[in-house]
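Q: Handing you this structure, nothing more for now.
The values are calculated or read from the model by the stated rules, or taken from the named source; none is laboratory data. As the structure is a computational prediction, the values presented were derived from the model and not from experiment. Note that we place each Cβ from the backbone using ideal geometry, even for glycine, and neighbour counts take in every protein chain shown. Just the protein is used for accessible areas: all its heavy atoms, side chains included, with ligands, DNA and RNA removed. Shrake-Rupley method; radii C 1.70, N 1.55, O 1.52, S 1.80 Å.
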Amino acid sequence: MKEPDLYLPQNTIAVIQKYQFAFQKKFGQNFLIDGHVLQKIIAAANITGDDVVLEIGPGIGTLTQFLAASAGKVVAVEIDRNLLPILEETLCGFSNVTVLHADIMKTDVHDLVNRYCEGRPIKVVANLPYYITTPIIMGLFESHVPLQSMTVMVQKEVAQRMQQAPGSKDYGALSLAVQYYAQPYLAANVPPNCFMPRPKVGSAVVHLNVHRHPPVPVRDEALMFRLIRASFNQRRKTLVNGLLNGAGLSVPRAELMQIIEELTGDPNVRGETLSLQQFAALSDRISERQGHDQGGVRGEQTETDGR
Ligand code: SAM
């Protein structure tokens, strides 16, 4: 088996020229051309020969080659039809890779895992398209497929948001969701010159080690995330106003204010000051009060289109 070397800029350029490939900005195409970064991704993901890896957006197969060399099996989902003949060539030396032509946002991940990953727990590894980072991560968490970890390249600011605590200006729905489902760890900062073409923004590799059990128990997870989204959609408003405007609750204002005061000591508190534990407690109180379970809501997209 040939050593992965597509990341060498001259090899990436040669493949692109051979197939007259045109980069599509709308697909967030910035291919990795730095071997050290690729090694760091593989090390952070802690890939072994027993692992089944799901890669989102293989591009020309640069990271895929590294994954295939270390994992038992790799399933790679690529939206751009023009990349398929390239992937056929760059991955032809690896018998453990399956490339699927699909939009990950329209893919039934349960079905994919059952069909191609033998239902085994998966590790997600990806240099993500930045225009859909949050929906991809939230979609995977909320799908509740058996996930061991996600090791993903994201925009630097998104990596920071994932790790924020209450009170900071970057603390938000993404911080709470990531921390509910996983333990985030910053594996590397990656400058624009590690990609072709260079993105306008800085990047970072984040390893999300998925919790076996959530760090806080909550009676109705979907309701808790609805409350979280409603309170951060209107950050400048008090928590009670954010919830009354955006969470679709059937609890009267006075009662909601009383619950909030009991939990936080301040009926006019802002949502951005509440911890995950407090959102879980708030959700449980509202759930008890409403007396029935609420439906789920998908993660909204919050990042800027940096590349
Ligand atoms: N993995 C390659 C690398 O590191 O060089 C390419 C990473 S590039 C940042 C993102 C990749 O995701 C591109 O190949 C792009 O075509 C693909 N992509 C974008 N949107 C997608 C979607 N909705 N579903 C699947 N793949 C997508």
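Q: When the stretch 197-233 is examined, which residues are found to be open to solvent by 40 Å² or more (accessible area, probe 1.4 Å) and either closer than 14 Å to Q277 by Cα or of a type in the set (A, V, I, L, M) (or both)?
A: P214, P215, P217, R219, E221
Each row is one residue, and each column tells you yes or no for (1) more than 22 Å from S168 (Cβ to Cβ); (2) of a type in the set (K, R); (3) touching a residue at least 60 places away in the same chain (Cβ under 8 Å).
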residue	(1), (2), (3)
N241	no, no, no
S250	yes, no, no
A254	yes, no, no
I260	no, no, no
L263	no, no, no
P267	yes, no, no
E272	no, no, yes
Q277	no, no, yes
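Q: Moving on to the next point. Go through the residues of the stretch 167-180 one by one and say whether even a single one is within 14 Å of the ligand (Cβ to nearest atom) and in contact (Cβ under 8 Å) with a residue 60 or more places away in the chain.
A: So in the stretch 167-180, the residues within 14 Å of the ligand (Cβ to nearest atom) come out as none.
Within the stretch 167-180 (the criterion being within 14 Å of the ligand (Cβ to nearest atom) and in contact (Cβ under 8 Å) with a residue 60 or more places away in the chain), the answer is no, since none of the residues qualifies.
Q: If you don't mind, there's one more thing I want to ask. Quick one: would you say E78 is assigned by TED's automatic domain parsing to the domain that holds K26, within 13 Å of the ligand (Cβ to nearest atom) and farther than 15 Å from L140 by Cβ?
A: Numbers: assigned by TED's automatic domain parsing to the domain that holds K26: yes; within 13 Å of the ligand (Cβ to nearest atom): yes; farther than 15 Å from L140 by Cβ: yes.
Yes: the conditions hold for E78.
Q: Which one of these is more than 12 Å from the chain's Cα centre (by Cα) and more than 28 Å from F195 (Cβ to Cβ): G167, G172?
A: Just one listed residue meets the conditions, G167.
Q: Counting residues that are on the phi < 0 side of the Ramachandran plot and small (G, A, S), which helices (runs of 4 or more DSSP H) fully inside the stretch 1-114 reach at least 1?
A: Working: elements: 9-18, 35-45, 62-70, 84-90.
Those helices (runs of 4 or more DSSP H) span 9-18, 35-45, 62-70.
Q: I'd like the full set of residues that are away from the ligand (no atom under 15 Å from the Cβ) and either modelled with pLDDT under 95 or open to solvent by 10 Å² or more (accessible area, probe 1.4 Å) (or both), limited to the stretch 108-122. Before the answer, list the steps.
A: To start, the set of residues in the stretch 108-122 that are away from the ligand (no atom under 15 Å from the Cβ) comprises 110-111, 113-115, 117-122.
Correct list: H110, D111, V113, N114, R115, C117, E118, G119, R120, P121.
Q: Which ones in the stretch 50-74 are under 17 Å from the mean Cα position of the chain (by Cα), among the β-branched types (V, I, T) and more than 9 Å from the ligand (Cβ to nearest atom)?
A: Across the stretch 50-74, the qualifying residue is only V53.
Q: Could you check, for the stretch 81-100, whether at least one of its residues is under 17 Å from F21 (Cβ atoms), within 12 Å of the ligand (Cβ to nearest atom) and either polar (S, T, N, Q) or within 19 Å of the chain's Cα centre (by Cα) (or both)?
A: Among the residues of the stretch 81-100, at least one is under 17 Å from F21 (Cβ atoms), within 12 Å of the ligand (Cβ to nearest atom) and either polar (S, T, N, Q) or within 19 Å of the chain's Cα centre (by Cα) (or both), which makes the answer yes.
Q: Of the conditions (1) of a type in the set (A, V, I, L, M); (2) touching a helix residue (DSSP H, G or I) at 6+ places or on another chain (Cβ under 6 Å); (3) away from the ligand (no atom under 14 Å from the Cβ), V158 fails just one. Which one is it?
A: The number of the failed condition is (3).
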